[in-house]
Amino acid sequence: MSADSHKTFYLETFGCQMNVHDSEKVIGTLVHEGYKQVETVEQADLILYNTCSIRDKAEQKVFHRLADYKKLLAQGKKFGVLGCVAQQEGEKIFERAPHVSLVCGSASYRNLPEMLTQLEVGKREAPKPEARSLIRITGLDDRETDKCFETEFTARTNPHRGYITIIEGCDKFCAYCVVPYTRGKERSRTYESVLAEARQMADLGYTEIQLLGQNVNSYKDPAGKRSFAELLAAVGEVPGIRRVRFTTSHPRDFGRDIVDAIDAVPTLCDHVHLPVQSGSDRVLNAMQRLYTREQYLERIAWMRSAKRQISITSDIIVGFPGETEEDFAETLSLLDEVGYDAVFTFKYSPRPNTPSLALEDAIPDEEKARRLDVLMATQREIQIARYKKYIGTIIEVMVEGRNEARGQWIGRTSQNKTLNFTAPELATPKLGSYVPVKATASFPNSLVGEMVV
Ligand code: SAH
Ligand code: SF4
Ligand code: F3S
């Protein structure tokens, strides 16, 4: 049998939506090369991890996985590290995990086929397993071209909603964050190329598109003068597209024109994820977030005065170096003031290369954990009150799945809320369809209802 007919790969993805979407690109590229994706490490010739480095725990995960499966090297399997840890650590990964033979950063995936061929050639030249581990291929810097956005082979996993990368990298350099070092400088994809992909997806039957970038608001069409809000509106007007989401927004670049676009184009979802990180000006300044609490609240006010009710969500870090009880109390009061529909909370984790690494990480882990608990309990109460208000209203959901155990369908609202519902037997909804649901009960994180027929 030829070596080619048996090439199989296993891929595990860590981290954010950018990574999830990158994995769809990697899978598509490998399948095009004749590889077959398998569900377990044991079945695979090539074991890949698409990694995240945002917090220390995320980074450690990949090294734990690599240690767990090291024994499989003797069976001739190969290990590859992709993504943000690959980009951050580069060749150092070969020192920490000598059985790894491929390290490839997110901007180089289009070179994967070539790298895999080199790996195959190397395998033939070095038949002993011990020697195989010495075949090391890296591809880390291919960022200067618009081609790194190409998605010719992207294998989207969901047939109804899909991601489009519109901007890569980040130039913000928040004091705690590794992303500018792992994803590199900001570069936007052309307006035409994004729209072409959106149209192509609509032709394939997609109805929901999620525009992705670390900081989508600073999108700038390299071939013209189009802004993010203009791109957003144009994608929303592609025939066949019923929902457009975007993530993540940075408050500094979040303009009023985005709210105007949401008001003007009904397909743009009424949800904005606008991470605040802290409610204290002192901490925001130390984090180098480039806005004040007041400026942030001004953006919230724009959204609250929109025609449609816009759902707002956020990310918050507790225990940033120097965060006092008073600072933390300001974050709690901000939660009350804004009224978020969801908040993702994190304990500060010192990261390599970042400016805040030089600051002492003096707040003990137990104290960070305590603040996290208080924050989550406060937010829970806010959400209970907010979600309750939807009881009795009729909301359109996209049908995303079925929970057999509960006898419910899983729906998602335009505001990105989960609304699980029951439907009469004769009116079984199709996955990916849009149906009206009357909310009958609420939880802190979801709604329950009945389909309206
Ligand atoms: N580009 C997005 C965020 C990407 S990272 C933005 O600017 O909002 C997702 C979240 O992880 C961040 O919003 C932040 O809350 C959290 N995060 C990033 N670095 C962190 C660190 N060193 N420790 C703890 N949380 C961190
Ligand atoms: Fe990180 Fe800040 Fe860039 Fe977001 S804006 S990715 S938090 S540096
Ligand atoms: Fe993690 Fe990289 Fe995303 S560090 S959060 S996978 S950009």
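Ignoring aspartates and glutamates fewer than eight residues from residue 388 along the same chain, the ones with Cα atoms less than 20 angstrom from its Cα are 270, 336, 337, 341, 396, 450.
Multiplying the residue separation of residue 394 and residue 298 by 0.36 nm and removing their Cα-Cα distance gives an extension gain of 31.5 nm.
Please report the antiparallel percentage of DSSP beta bridges with both residues in the chain, rounded to the nearest 5.
Details: 23 of 69 bridges.
In the chain, approximately 35 percent of DSSP beta bridges are antiparallel ones.
Are any of the pairs 25/71; 7/78; 92/368 more than 23 Å apart by Cα-Cα distance, and if so, which? Correct reply: 25/71; 92/368. In the range 164-253, the DSSP beta bridges split such that about 30 percent are antiparallel, to the nearest 5. Extending 7 Å from the Cα toward the beta-carbon at both residue 223 and residue 427 defines two label points whose distance is 4.6 nm.
Relative to the longest principal axis of the Cα atoms of the chain, the long axis of helix 17-32 makes an angle of roughly 40 degrees. Extending 7 Å from the Cα toward the beta-carbon at both residue 358 and residue 325 defines two label points whose distance is 3.1 nm. Semi-axis lengths, largest first, of the ellipsoid equivalent to the chain are 37, 28, 22 Å, with √(5λ) applied to each eigenvalue of the Cα gyration tensor.
Short-range pairs are left out: with C-alpha atoms under 8 Å and at least six residues apart, the relative contact order of the range 304-390 is 38 percent.
Applying the Karplus relation 6.51 cos²θ - 1.76 cosθ + 1.60 with θ = phi - 60° to the range 269-282 yields 3J(HN,Hα) values of 5, 8, 8, 10, 8, 10, x, 9, 6, 7, x, 9, 4, 4 Hz, where x marks Gly and Pro. With contributions of -39500 (n - 2.57) from each DSSP H run of at least four residues, the per-residue ellipticity at 222 nm computed over the chain stands at -10000 deg cm²/dmol. Applying 1/(1 + (r/R0)^6) with R0 = 22 Å to the Cβ-Cβ distance of residue 33 and residue 203 gives a FRET efficiency near 0.30.
Using the Karplus relation 6.51 cos²θ - 1.76 cosθ + 1.60 with θ = phi - 60°, the per-residue 3J(HN,Hα) values for the range 379-395 come to 5, 4, 4, 4, 5, 4, 5, 5, 5, 4, 5, 7, 4, x, 8, 9, 10 Hz, with x marking Gly and Pro. Remark: spin-label model distance residue 337-residue 367 equals 2.4 nm, labels positioned 7 Å along the Cα→Cβ axis. Rounded to the nearest 10 degrees, the inclination of helix 325-338 to the longest alpha-carbon principal axis of the chain is 70 degrees. Counting only alpha carbon atoms, the long axis of helix 293-304 and the longest principal axis of the chain meet at about 70°.
Quick note: the coordinates plus some simple rules give every number you see, no bench work behind them. No experiment lies behind these values; they were computed from the predicted model shown. Counting neighbours? That spans all protein chains shown, and the Cβs are built from the backbone with ideal geometry, glycine included.
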